[in-house]
């Protein structure tokens, strides 16, 4: 067995928490193993003055970590699954998906206790088109503004009075000890989460069977099945960060069910659907759910955004 394993990670507090969590799992499982964290800065961490959709989307947070693996400077990388593009570079694979934590979206405010309490014109910060569109579908009277940065810096901007409220992932807040900042977990009837929200992805080289075997115990079957459906849906609609897309799949035993949404950027048009079946057909179910929403009218939104131009 290898004596040392090197984990590539971003340097934000949340990314380091996630990498340390995986490192602890490895040390507990293999007491003689040395685990090193190799800290890096990605383009997504450096460019904070523009929306993700305008500067390249999900791959902004993974490319540097993936290059390090391909160059064998690291053995694995730990990501938030929701940051992972649906296609990974040749030679790499998402080797493990950990058990999902809280998938909810949190309402955080120093002035108000819930989304419903916000007055007309209240300024709400979020870095996500998915959140913005679904929020505007509920509350078109709100002033939704871009809020980039790590969890700590977003909270600092909220505390400085730049926003009346902010919407952040429950998982990140809780993992960093900010669970007490959550005033409300927004109902999934109103706000569906991002693909893979709450789960960690561990990426590795395809041609490194020793590492793949070493980390296999970190896989959670139910979460992996759910992620397979969600990521297949996203791949079909070419969502990335350019389209307001939310999907939430739940697997238990041999069954799986999912809800999904595609919305216009202004939240004026919202197409929702659901599907259920067996885990063995998770990816096919994800693609079918996408086809259903496109056929229901979401295709018009995709064409407006310059996506799926060849769709028949």
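Readers should treat all values here as calculations from the given coordinates under stated rules, not as data from a laboratory. Not measured: the values here are computed from a predicted model. Neighbour counts run over all protein chains shown; Cβ positions are idealised from the backbone, glycine included.
Each part gets one Cα centre, and for the range 141-204 versus the range 1-24 those centres are 22 Å apart.
Modelled this way, with points 7 Å down the Cα-to-C-beta line, the labels at residue 111 and residue 217 are 5.0 nm from one another. Cα axis of helix 221-237 to longest principal axis of the chain: angle in degrees, 0 to 90, nearest 10? Here the helix axis deviates by roughly 50 degrees. When peptides 224-237, 130-143 are sorted by average Cβ neighbour count within 10 Å, with the highest value leading, the order is 224-237, 130-143. A Förster radius of 25 Å, combined with the Cβ-Cβ distance separating residue 252 from residue 190, puts the computed FRET efficiency at roughly 0.60. Secondary structure note: in the chain, about 70% of the DSSP beta bridges are antiparallel.
Working ranking of peptides 281-289, 196-204, 265-273 by packing, defined as the average number of other Cβ atoms within 10 Å per residue, highest first, is 196-204, 281-289, 265-273. Please work out the FRET efficiency for the pair residue 280 and residue 90, using the Cβ-Cβ distance as r and a Förster radius of 30 Å; give the result to the nearest 0.05. Given R0 = 30 Å and the Cβ-Cβ separation, E is 0.65.
What is the spin-label model distance, in nm, from residue 152 to residue 207 if the labels are put 7 Å beyond Cα along the C-beta direction? Output for this residue pair reads 3.9 nm. For the chain, the extents of the C-alpha atoms along the principal axes are 59, 49, 35 Å, listed from largest to smallest. Kindly state, to the nearest 0.05, the FRET efficiency for residue 71 paired with residue 3, given R0 = 22 Å and r defined as their beta-carbon distance. For R0 = 22 Å, the calculated efficiency reads 0.60. Over the chain, dividing the summed -39,500 (n - 2.57) contributions of all DSSP H runs of at least 4 residues by the number of residues returns a 222 nm mean residue ellipticity of -9000 deg cm²/dmol.
Geometric descriptor of the range 232-304, per residue, is 72 Å³ (volume of the convex hull of the Cα atoms).
Angle of helix 129-138 to the longest C-alpha principal axis of the chain, folded into 0 to 90 degrees and rounded to 10: 30°.
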